[in-house]
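The values are calculated or read from the model by the stated rules, or taken from the named source; none is laboratory data. Just so it is clear, the structure is predicted and the values come from calculations on it, not from any experiment. Cβ atoms come from the backbone with ideal geometry, glycine included; neighbour counts cover every protein chain shown.
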Amino acid sequence: MTSGVREPPEAKIATDKEPSKHAMQPAVHADATPDKAAVIMDCGEAMSYRQLEERSCQCAHLFADLGLQPGDVVAFLMANGPAYFHAAWGAQRSGLYYTPISTHLSADEVAYIVDNCEASVVIVSAELLDTVQGIRQRLPGVRSWLVSGAHSPGYDNFEDALAGFPITSPARQLEGCEMLYSSGTTGYPKGIRNPNPEREIGNPGPFALGIIAAFGLDRE
């Protein structure tokens, strides 16, 4: 593992009742309540569970087409919006690590995180292109750069790429895992890479189970 990333100890969840492991799976809600809002933006725009399920399936197919394998890393420098959720859930159902990068970081800090987490694919929101324009040549490990919300030379358009793939689930789906970084207030950001043993979707890891248990999440 590269410097700046620490491996936490195995976590154990203690709870009086078994949490609903499927509470956070869009497919469950897309099947039961497809038109219910999965995400409501600050502007009032809503995304249904059906939309989230279909776009995240397309994204999972896209990641596979880009050659990503379980355990690989994708990084997102993206504004809050539907595209972020499509990408995050596409990674979550593909067995990938995915690293959301704060939009408030400098170009050097972004470059550090992309390199340190060993991202193979980076997705950038159109309004953040200026942040990455000068650092791409410093990141030879990134095989594919995509932009969401615009067409720009040297980038594949994220939405156009999704449209070329089916909305059905991939034949095999594995649980992915967020790889988060600190804010970097005492130097460069520090990453935490939780263990993510290969397992079928619907079997969340300790971090997700902790959220489910702490907030009493169920299918409702």
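Couple of notes before you dig in:
- Whether a residue is under 20 Å from Ala163 (Cβ atoms), buried (at least 17 other Cβ atoms within 10 Å of the Cβ) and at pLDDT 85 or above was assessed, and Gly90 passes this test.
- Odd one out for Leu128, checked against (1) at pLDDT below 95; (2) part of a helix (DSSP H, G or I); (3) over 25 Å from Gln69 (Cα atoms): (1)
- So Gly95, is it buried (at least 24 other Cβ atoms within 10 Å of the Cβ) and at positive phi: yes
- Meets criteria (crowded, with 24+ Cβ neighbours inside 10 Å and of a type in the set (Lys, Arg)) for Arg50: no
- With respect to the conditions (1) under 24 Å from Gln69 (Cα atoms); (2) at pLDDT below 85, Ala214 lacks only one, and its number is (1).
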